[in-house]
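One structure is given here, and the rest of the page talks about it.
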Amino acid sequence: MRTYEFNSVVEDNGIIRIPEQYLHGISSPVKVIVLADDDVRDSGKRKHFSAMKIRTKGFTFNRDEANER
């Protein structure tokens, strides 16, 4: 069994393109394992962020205290 590793993008119709440099060595049935990096590409759904309101009246920022953390 030979192993090839490459990055690809799943097209809208579910097709994953195999780079041409690997096509010459693949002529029999293959086993496909998909590892999806969720941080890089989402499933197409838009994430919804709602606005957040913070009251800062009377807040004093202490840079020294912030840098201690």
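Per residue, the chain reaches -2000 deg cm²/dmol at 222 nm when only DSSP H runs of four or more residues are counted, each adding -39500 (n - 2.57).
Taking a ≥ b ≥ c as the square roots of the Cα gyration tensor eigenvalues, the chain comes out prolate, since a/c reaches at least 1.5 and a/b is larger than b/c. Listed by Cβ neighbour count within 10 Å, with the fewest neighbours leading, Phe61, Phe6 appear as Phe61, Phe6. Taking the charge dipole of the chain about its Cα centre, with +1 at Lys and Arg Cβ atoms and -1 at Asp and Glu Cβ atoms, the residue from Asn13, Ile26, Ser50 reaching farthest to the positive side is Ser50.
Where nothing but the Cβ of Lys and Arg (+1) and of Asp and Glu (-1) is charged, how large is the charge dipole of the chain around its Cα centre, in debye to the nearest 20?
Charge dipole of the chain: 440 debye, to the nearest 20.
Coordinate-derived values only; no laboratory data. What you see is a predicted model; the values in this text were computed from it and never measured. Cβ: placed from backbone, ideal geometry, glycine included. Neighbour counts: every protein chain shown.
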